[in-house]
Every structure is written in structure tokens, then in C-alpha cells.
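K.L.:
Let me begin by handing over the structure; questions about it come next.
Just so it is clear, none of the values below were taken in a lab; they were calculated from the coordinates. Since we're looking at a predicted model, the values are computed, not measured. Using ideal geometry, Cβ is built from the backbone for each residue, glycine included, and neighbour counts are taken over all protein chains shown.
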Amino acid sequence: METLSTAKAHGGVQGVYRHQSRVTDTAMTFAVFVPPGGAERKLPVVWFLSGLTCTHQNAMDKAEYRRAAAELGLIVVLPDTSPRGQGVPDDEDWRFGSGAGFYLDATERPYDRNYRMYSYLTDELPALVAVNFPADMTRQAITGHSMGGHGALTIALKHPDRFRSASAFAPIVQPTTAGWSRPAFEKYLGRNPKAHRAYDATLLIEDGHRFREFLVDQGDKDSNLDDGLRPWLLKDACAKAGIPLTLNMREGYDHSYNFVSTFMPDHLAWHAERLRE
Ligand SMILES: N[C@@H](CCC(=O)N[C@@H](CS)C(=O)NCC(=O)O)C(=O)O
């Protein structure tokens, strides 16, 4: 692992790192914030998965997580949203290819070689974080924005014993039918509905996957509400399955990091409560 930069922030360290991933067969960059106290003891970890078009940088610059993470003693990991670089198949459509990995393992050629963000995030990157940072891997939480909210919900549903808590900001709750994810699902996974279901929060719940509870925040002035996001579908799925869901509809907020950063401290505090020793 190579250190690209480190800077002191709120008494902790904001770093950016790069490593050669065997899963995606590319170099992968990610950011980690270690709050003060990391030299003395292991600390709980919150994963933040970003949305379409993002790298680790967007949340690092605009999600405003550092003050709360420093106060609460949380390590925050910001992975990239896709493999990228020379030789990685890409597309002009911002909803597909670079910046749009959808946190799944592609099965269709030519994407299956590099677009393996599910395995990257559930196997390779956690192992790297565990070895290189003062991370207590028995205390992990996951959250994310938009496509990253989809990632957080689906990964939590498939790993209920790994994560103590899961939340999301304006998540794509049913990507198999949403306008801005369905085309990508078809390109990455083909037209096999069973393969699609494995990466869809509402359908995973329908198929019996469970998580102890979810926290979701959603702006009511988000222009993607009716086509891309539709939190009511998650509400229905959770209600049917008996999964407690706190869905906060936030009056006047849009889809941007202005919304995410506003409610970031609430989400981190909520996770910190559930990550106590
Ligand atoms: N580029 C898209 C918008 C994509 C978008 O809104 N991405 C969100 C996540 S889904 C984001 O975080 N964008 C990067 C940013 O705001 O820094 C468009 O032109 O409509």
C-alpha cells in the first residue's frame, strides 16, 4: 500500500492511499480518516460508499464527516466507486463504467475482469484496512449516498454479522427497476433476473435477507426521488419483513452533498451508539 497524502484534521489524520488490487486487477485509491486516539487503541470503522460519478475525493471534500468522526472516535473509510484506468472498459454514459461500479461483481464480458466492487469491498479492502490501520474489525458500520446507499444496504443485508449498523443517504433502493441503474445491471450482469436480485435491497429482503434496523435520510426536493430512489419501496419491503426502518424525509433538501453533509453528524452519532464496546 502506498500513501499518497496525509493531513492533520480535527486532531486526527486524513489520508489517501493506493494499492494494486488483485480483485479488480487495477490500482485502487481510497481515503481513510483516523480520529485522535488511533495510536493508543483500536477504533470502530464506518464505511462510506459514494454515488455515481464519484471517487473517494467527493465525500472527502464535501461530506463534512471529520469533525463528528473525531469527536465520536470513528475511523471513516471512503473507497472508490469503480475500477478505473488504462485497459478498463468504460462508457460515455455517466451511469455506467468508471464511477458507476454499483458495488457488484460483473459476470458479463468484458466487464467481469475489473468490475468486481462487491468482492473488492467485502474481501480485499477490509483485509487491507485491518492490517494497515488501528481498526477494530469487530465493530463495523456501513453507510453511503445514492448508488453508495444501494451498496451499503445490499452489503449489510448480505453480511448481517459483520456490520453492527447500516444507514443510507438517498439510496437507490430498487436498482433493478430504477432508470439510472437498470441499464448498468443489464450490462454488468446480463439479463438473468436471479443475478440482478442478489444486488437489490428490496428484493434481497423479499428473498429472506434480514438486517437488524436501517436509518435512511432522503431530501423531498431530490430530483431523482420518483425515478431513481423511491424510498417508499424500501419502506414497504421493511414493513413486510419486520425490519425496523427510520426513514427521515427532509423538507427542502436535494440530492447533493449539501444534503449529505447536513445529516452526516446524525448518521455518525447513530452508528457510534451501535458501535460502542
Ligand atoms: N452527473 C449526473 C449527476 C450524478 C450525481 O448526482 N451524482 C451524485 C451521486 S448519485 C454525486 O455525488 N455527484 C458528485 C458530487 O456531487 O460531487 C448528472 O449529470 O445528472
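K.L.:
Could you look through the range 4-14, keep only residues that are assigned to a strand (DSSP E or B) and of a type outside the set (Gly, Ala, Ser), and pick out the one that is surrounded by the fewest Cβ atoms within 10 Å (Cβ to Cβ)?
P.N.:
Initial filter on the range 4-14 (assigned to a strand (DSSP E or B)): 4-9, 12-14.
Right, trim to of a type outside the set (Gly, Ala, Ser) and you get 4, 6, 8, 13-14.
On the way: LEU4: 11, THR6: 13, LYS8: 9, VAL13: 17, GLN14: 20.
Once the filter is applied, the top-ranked residue is LYS8.
K.L.:
A further question follows. Filter the range 99-114 down to the residues that are buried (at least 20 other Cβ atoms within 10 Å of the Cβ) and among the hydroxyl-bearing types (Ser, Thr, Tyr) and list them by number.
P.N.:
Across the range 99-114, the qualifying residues are TYR103, TYR111.
K.L.:
Filter the range 251-266 for residues that are away from the ligand (no atom under 16 Å from the Cβ) and at negative phi; which is farthest from the chain's Cα centre (by Cα)? Break it down stepwise before answering.
P.N.:
Going residue by residue through the range 251-266, those that are away from the ligand (no atom under 16 Å from the Cβ) are 251-252, 265-266.
Right, trim to at negative phi and you get 251, 265-266.
Details: GLU251: 24, PRO265: 17, ASP266: 17 Å.
Among residues in the range 251-266 that are away from the ligand (no atom under 16 Å from the Cβ) and at negative phi, the one farthest from the chain's Cα centre (by Cα) is GLU251.
K.L.:
Evaluate the following for PRO89: is it more than 13 Å from the ligand (Cβ to nearest atom), under 20 Å from SER181 (Cα atoms), free of Cβ contacts under 8 Å to residues at least 60 places away in the same chain and surrounded by fewer than 18 Cβ atoms within 10 Å (Cβ to Cβ)?
P.N.:
yes
K.L.:
For the range 99-112, give me each residue that is closer than 21 Å to PRO79 by Cβ and either touching a Pro at 6+ places or on another chain (Cβ under 8 Å) or of a type in the set (Phe, Trp, Tyr) (or both).
P.N.:
Passing the criteria: GLY101, PHE102, TYR103, TYR111.
K.L.:
While we're looking at this one, here's another question. If the requirement is being surrounded by 13 or more Cβ atoms within 10 Å (Cβ to Cβ) and closer than 15 Å to ALA166 by Cβ, which of these qualifies: ARG250, ARG212?
P.N.:
Among ARG250, ARG212, only ARG212 is surrounded by 13 or more Cβ atoms within 10 Å (Cβ to Cβ) and closer than 15 Å to ALA166 by Cβ.
K.L.:
Let me ask something additional. Taking the range 218-237 on its own, how many of its residues are of a type in the set (Asp, Glu), within 14 Å of the ligand (Cβ to nearest atom) and touching a Lys or Arg at 6+ places or on another chain (Cβ under 8 Å)?
P.N.:
Here the count works out to 0.
K.L.:
Oh, and also: Could you list all residues from the range 133-151 that are within 16 Å of the ligand (Cβ to nearest atom) and aliphatic (A, V, I, L, M)?
P.N.:
Of the range 133-151, the ones within 16 Å of the ligand (Cβ to nearest atom) are 143-151.
Selection gives MET147 alone.
K.L.:
Name the pairs whose Cβ atoms lie under 9 Å apart, with the first residue in the range 39-50 and in contact (Cβ under 8 Å) with a residue 12 or more places away in the chain, the second among the aromatic types (Phe, Trp, Tyr) and in a strand (DSSP E or B), and 6 or more positions between them or separate chains?
P.N.:
Listed by first residue and then by second, the contacts come to TRP47/PHE163.
K.L.:
Can you spot a residue in the range 105-112 that is over 24 Å from GLY15 (Cα atoms) and β-branched (Val, Ile, Thr)?
P.N.:
Scanning the range 105-112 turns up at least one residue that is over 24 Å from GLY15 (Cα atoms) and β-branched (Val, Ile, Thr).
K.L.:
I'd like to know if the range 116-129 contains one or more residues that are crowded, with 19+ Cβ neighbours inside 10 Å, hydroxyl-bearing (Ser, Thr, Tyr), more than 16 Å from the ligand (Cβ to nearest atom) and assigned to a helix (DSSP H, G or I).
P.N.:
yes
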